[in-house]
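Only one structure is covered here, and it is reproduced in the block below.
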Amino acid sequence: MRLILARHGETAWNREGRNQGRSTTGLNAEGLRQARNLAQSLRKIPIRAVYSSPLSRAMQTAEAVGQILSLPVTPLDGLMEMDLGSLDGLTNQEMHRNFPHLLDLWRKDPSSLQMPGGESLKDAQQRAWRTLEDIRQETREGHVVAVTHNFVIGVIVLRALGLPLSAFQRIRIELGSFTTLEHVRNRWQLISLNETLHQRGE
């Protein structure tokens with residue numbers, strides 16, 4: 001099975017540099033364009049199913065994909081973004097003011113940080129990985145798409161490669177990008193990471 005992990009398109013909060021965890025912000029005009037470009041880039045792949053985080057920005061992106069592929073979208077709670085708790089909606093400046101030293105801790109070792117009132121990277125990884133395994137059991141052959149979020153894609157890639165969560169900041173996942181994993185001989189392999197050419201008109 002090949003799993004295409006797609007990140008949702010841009011929202012107003014992405015544009016403003018605000019943390020976006022479980023918030024219900026939808027796509028802006030640029031995000032809708034990115035969703036359409038993503039859908040077009042996947043149209044020739046024989047995809048069997050489309051899954052999505054139930055958060056509105058992901059569902060809007062997934063619906064663009066599902067429409068062009070003539071497939072329904074199945075929402076899965078396990079694909080929701082990491083719960084950022086009290087940090088949701090804050091800019092970096094507001095985080096510095098309200099949670100001194102938090103960004104320093106994040107930069108030193110993101111794996112050690114529990115978001116105030118939210119999840120840790122480990123929490124997010126465990127639930128996302130369970131969901132990935134459920135998808136794999138449901139579809140053992142062919143291609144599937146899962147539209148999700150930055151933190152979720154990052155922690156899944158680290159788990160698939162056997163890398164520690166402390167390496168989280170070494171992986172970049174852009175808006176409207178997709179990353180492909182393949183399950184072969186009882187292990188996951190990374191086929192592509194953060195593909196974005198479809199967003200650049202190339």
>> Can you find a residue that is more than 14 Å from the chain's Cα centre (by Cα) and under 20 Å from Ile173 (Cβ atoms) anywhere in region 63-72?
In response: yes
> Pairs, please: C-beta under 8 Å, at least 6 apart or cross-chain, first residue more than 14 Å from Val152 (Cα to Cα) and in region 110-131, second among the small types (Gly, Ala, Ser) and crowded, with 19+ Cβ neighbours inside 10 Å?
Replying inline: Met115/Gly21; Gly118/Gly21
>> among the hydrophobic types (A, V, I, L, M, F, W, C), closer than 25 Å to Ala35 by Cβ, out of contact with any helix residue (DSSP H, G or I) (no Cβ under 6 Å at 6 or more places or on another chain) and surrounded by fewer than 17 Cβ atoms within 10 Å (Cβ to Cβ): which single residue out of Leu197, Leu163 fits that description?
In response: Leu197
>> Can you pull out every residue in region 83-114 that is outside any helix (DSSP H, G or I), hydrophobic (A, V, I, L, M, F, W, C) and more than 18 Å from the chain's Cα centre (by Cα)?
In response: Leu90, Phe99, Leu113
> What do you reckon, is Arg33 closer than 27 Å to His143 by Cβ, in a helix (DSSP H, G or I) and of a type in the set (Lys, Arg)?
Replying inline: yes
> Considering only residues of region 96-112 that are surrounded by 15 or more Cβ atoms within 10 Å (Cβ to Cβ) and under 16 Å from Ser166 (Cβ atoms), which is modelled with the lowest pLDDT?
Replying inline: Trp106
> Do the conditions hold for Asp77, that is, is it of a type in the set (D, E, K, R), touching a Pro at 6+ places or on another chain (Cβ under 8 Å) and farther than 15 Å from His8 by Cβ?
Replying inline: yes
> Which residue pairs have Cβ atoms closer than 6 Å, lie 6 or more positions apart in sequence or on different chains, and pair a first residue in region 67-85 that is more than 23 Å from Met115 (Cβ to Cβ) with a second residue that is in a strand (DSSP E or B) and of a type in the set (A, V, I, L, M, F, W, C)?
Replying inline: Leu69/Ile47; Leu71/Val50; Val73/Val50
>> Restricting to region 145-181, name every residue that is more than 17 Å from the chain's Cα centre (by Cα) and either over 22 Å from Arg107 (Cα atoms) or in a helix (DSSP H, G or I) (or both).
In response: Ser166
>> Out of the residues in region 10-22 meeting the condition of being over 15 Å from Val152 (Cβ atoms) and charged (D, E, K, R), tell me which one is surrounded by the most Cβ atoms within 10 Å (Cβ to Cβ).
In response: Glu10
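Table: residues versus (1) crowded, with 18+ Cβ neighbours inside 10 Å; (2) modelled with pLDDT under 95; (3) touching a Cys at 6+ places or on another chain (Cβ under 8 Å).
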site	(1), (2), (3)
Arg7	yes, no, no
Thr24	no, yes, no
Leu32	no, no, no
Ala35	yes, no, no
Pro46	no, no, no
Arg57	yes, no, no
Gln60	yes, no, no
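The values are calculated or read from the model by the stated rules, or taken from the named source; none is laboratory data. Since this is a predicted model, take the numbers as computed values, not measurements. All Cβ positions, glycine included, derive from the backbone under ideal geometry; neighbour counts span all protein chains shown.
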